[in-house]
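No value in this document is a laboratory result; all are computed from the given coordinates. As the structure is a prediction and not an experimental result, all values here were calculated from the model. Backbone-built Cβ (ideal geometry, glycine too); neighbour counts: all protein chains shown.
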Amino acid sequence: MDHLLSKGFFPRNCGGHPSVAGSLNSKKQNDSMKSVGKYYKLDPKKIPQHVAIIMDGNRRWAKSRGLSVTEGHQAGAKNLTRIVDYGQKLGVKHITVYALSTENWRKRTKKEVRGIFNLLVKIVREKKEEYKKRGVRFFVLGNFQAFPLRVKRAIGEILKVVLKHERMKFNVALNYGGRDEIVRAIKNIVKDGVSPSKIDEKLVSRYLYTNGQPDPDLVIRTGGEIRVSNFLLWQLSYSELYFTDTFWPDFGPKELEKAIAEYQERARRFGK
Ligand code: FPP
């Protein structure tokens with residue numbers, strides 16, 4: 001199957017969730033559409049360009065297994081690289097994940113934050129070359145200047161990787177808050193002396209960390225909470241929101257396909 005995965009195409013009759021796959025199972029649709037997806041029939045023309053994820057539930061996942069918080073985040077980090085790989089195979093062009101909010105950074109214990117930093121450094125070191133080959137460009141959203149030197153160095157190394165063919169942007173939100181991002185944008189607009197008559201939505205977007213990237217089409221939150229928690233407040237104005245009780249470490253390829261299948265069933269109206 002892996003050679004099929006790497007081409008981004010899967011067999012047509014691959015089953016899947018009855019409510020979604022069933023509705024796409026009609027002969028007419030089979031004839032007119034080559035589907036992607038291993039578990040659900042996904043329309044390749046409607047794969048969300050940008051998927052943003054609030055990865056919640058690492059600690060509860062660990063607790064339910066009698067494991068430590070660190071082990072929960074380790075499982076979360078492993079799942080993150082799995083989902084980035086799988087998202088790329090499905091044709092997603094931008095993945096943004098919420099790894100550390102401004103609140104997490106201030107309020108979680110030093111030990112826990114250190115554990116998350118260690119995982120970040122590990123991902124960056126282990127994946128740098130592979131991401132370069134696969135055209136995955138790494139970005140950080142948020143203020144990481146206050147991080148320990150070794151973390152800043154590791155981030156700096158991956159940020160300066162030059163890609164021949166960029167295929168995907170992988171944004172990791174670290175010490176990130178949506179309101180903080182907007183305040184920072186306002187300050188920079190003022191600092192740059194932009195005249196009020198020149199300020200419009202496009203200009204504000206350019207001053208955000210996501211400058212130049214499309215807004216998320218689909219925002220996924222795992223772990224059962226139904227809120228956006230200060231994530232991409234400007235950018236998610238028209239995003240489709242998907243919530244699941246599944247804890248982040250268990251949110252695997254099948255769950256990602258399920259979220260995309262539901263997204264494909266929704267009619268996006270953009271206010272029309
Ligand atoms: C939310 O679950 C998760 C986090 C605050 C940290 C996310 C970190 C990772 C997925 C691993 C490291 C990845 C990078 C890129 C550094 P939670 O801890 O709030 O769990 P809970 O809701 O069960 O308490």
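Mind listing the phi-derived Karplus ³J(HN,Hα) values for the stretch 181-188, rounded to whole Hz, using 6.51, -1.76 and 1.60 with θ = phi - 60°, and x for any glycine or proline? Once θ is set to phi - 60°, the couplings for the stretch 181-188 become 5, 5, 4, 4, 4, 4, 4, 5 Hz. Express in whole angstrom the spacing between the alpha-carbon centres of the stretch 50-85 and the stretch 170-186. When both Cα centres are located, 22 Å separates them. Each peptide among 197-204, 107-114 gets the average number of other Cβ atoms lying within 10 Å of its residues, and from highest to lowest they stand as 107-114, 197-204. The ellipsoid that matches the Cα gyration tensor of the stretch 113-241 has semi-axes, each √(5λ) in whole angstrom, of 26, 19, 17, with the longest given first. Around ASN188, under 13 Å between beta carbons, what's the net of Lys plus Arg minus Asp minus Glu among the other residues? So the environment of ASN188 carries a net charge of +1.
For the peptides 65-71, 169-175, 83-89, the ranking by packing is 169-175, 83-89, 65-71, with the highest mean count of neighbouring Cβ atoms within 10 Å listed first.
Taking only the Cα atoms of the stretch 60-144, the radius of gyration and Dmax are 14.0, 38 Å. Placing +1 on the Cβ of every Lys and Arg and -1 on the Cβ of every Asp and Glu, with no other charges, gives the chain a dipole of roughly 620 debye about its Cα centre. Using the Cβ of LYS63 as centre and a radius below 14 Å, the other residues enclosed give a net charge of -1, where K and R count +1 and D and E count -1. By the Kirkwood approach, averaging reciprocal distances over each pair of separate Cα atoms, the chain gets a hydrodynamic radius of 19.8 Å.
Computed from backbone phi with θ = phi - 60° and the Karplus coefficients 6.51, -1.76 and 1.60, the 3J(HN,Hα) list for the stretch 42-52 is 10, 6, x, 7, 10, 5, x, 5, 10, 10, 10 Hz; x is used for glycine and proline. Karplus-based coupling profile of the stretch 138-152, in residue order and whole Hz: 8, 10, 10, 9, x, 9, 9, 5, 7, 6, x, 3, 4, 6, 4, with θ = phi - 60° in 6.51 cos²θ - 1.76 cosθ + 1.60 and x standing for Gly or Pro. Near VAL140, the amide H atoms lying under 5 Å from its own belong to VAL172; only residues 5 or more places off or on other chains count, and H is placed 1.01 Å from N.
Where does the chain land at 222 nm, in deg cm²/dmol rounded to the nearest 500, when only DSSP H runs of n ≥ 4 count, each adding -39500 (n - 2.57), divided by all residues?
On the way: 11 runs with 120 residues, N = 272.
Helix contribution divided over all residues of the chain: -13500 deg cm²/dmol.
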